[in-house]
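The values are calculated or read from the model by the stated rules, or taken from the named source; none is laboratory data. This is a predicted model, so every value here is computed, not measured. Please note that ligands, DNA and RNA were not included when accessible areas were found on the heavy atoms of the full protein model with its side chains. Shrake-Rupley method; radii C 1.70, N 1.55, O 1.52, S 1.80 Å.
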Amino acid sequence: MKARTALAYALGLLLVLGGCAQPGHTVVAADGSVSASPTPPPSPTAKPTPRTQPPPTGRPVRPKPTKLPPGLRRTTGVRPVALTFDDGPSPAWTPKVLDQLRTARVKATFCLVGREAQRHPELVRRIVREGHQLCNHSWRHNLDLGRLPVAEIRADLVRTNKAIRAAVPGAPITFYRQPGGQWTPEVVAVAKELGMHALHWSVDPQDWEKPPAKTISKRVVAAVRPGSIVLLHDGGGDRAATLAACPGVIADLKRRFGVALLR
């Protein structure tokens, strides 16, 4: 037995010294047992295996715009100011805004999201029936729409116009407003191609952040100038603060400048 153990030990030593005990090969221990040699960690100087790049999405987008392109309507061009309401029509808020406008005897421009116009055609009809203007505000309020391929921009705007005109056949859709003001030259060009002016704004009280009504009022009153285009919202969330601010804001604008539709 001792002779056998000594022989096994000598054989194992010979294999190691001969360079045969490579990773993944067998090693004979001093007690005669046989095991696989452990695989050593990779050398620190070894090059890592290249990582596979994710496949392209097939929808290239341009970089986010850093400045407004030319061709945007930002003022009325006359002394009276214009009121614009985005992200509707909303069954919760649009009727109440329309009631306030009717009471104040002023008209406004409603920038309609296509899928909301499709869901609430009766509100689109009321907007037109009461003498207000229509504005295309994209199909689903995609902030990055202007960065997509031109064909996709056009399809979105056309789809939205169709939804609006299904409710009010023949009604003019004079304007297009890019969600979030994320304008690109491409979206301006597509809107023009479809017969719509690119409508921006000059006063933004950021009512979409839902500040108190007093804050909304103060921001508008402080920022408005002759010919301002005021951005407000009648959809896209809880607009109770905007609704509460509107009577005082409208009265102030009428007194100082007048309120009129865009021409």
**Item:** Of all accessible heavy-atom area on the range 134-238, the percent that carbon and sulfur account for (1.4 Å)
**Value:** 55
**Complete:** Partner lysines whose C-alpha sits under 21 Å from that of Lys96, ignoring same-chain residues fewer than 8 away, are Lys107, Lys210, Lys214, Lys254
**Asked** In terms of modelled amide H atoms, which long-range or inter-chain residues lie less than 5 Å from the amide H of Thr109?
**Response** Leu83, Thr84, Phe85, Gln133
**Asked** HN-Hα J couplings of the range 88-100 from phi, Karplus 6.51/-1.76/1.60, θ = phi - 60°, integer Hz, Gly and Pro as x?
**Response** x, x, 10, x, 7, 10, 4, x, 6, 5, 4, 4, 5
**Complete:** Cα-based Rg and Dmax for the range 82-257, in Å, come out at 15.3, 45
**Request:** Take every DSSP beta bridge whose two residues both sit in the range 82-257, then give the antiparallel share in percent to the nearest 5.
**Result:** 0
**Request:** With a ≥ b ≥ c taken as the square roots of the eigenvalues of the C-alpha gyration tensor of the range 62-172, please select rounded if a/c is under 1.5 and otherwise prolate if a/b is larger than b/c or oblate if it is not?
**Result:** oblate
**Fill in**
By the Cα gyration tensor axes a ≥ b ≥ c (a/c under 1.5 gives rounded; else a/b larger than b/c gives prolate, otherwise oblate), the shape of the range 118-218 is oblate
**Message:** Under the rule of at least 5 residues apart or a separate chain, name every residue whose amide H is placed under 5 Å from the amide H of Leu199.
**Reply:** Arg73, Tyr176, Arg177, Gln178
**Item:** Under the Karplus curve 6.51 cos²θ - 1.76 cosθ + 1.60, θ = phi - 60°, whole-Hz ³J(HN,Hα) for the range 181-187, x wherever Gly or Pro sits
**Value:** x, 7, 6, 10, x, 5, 6
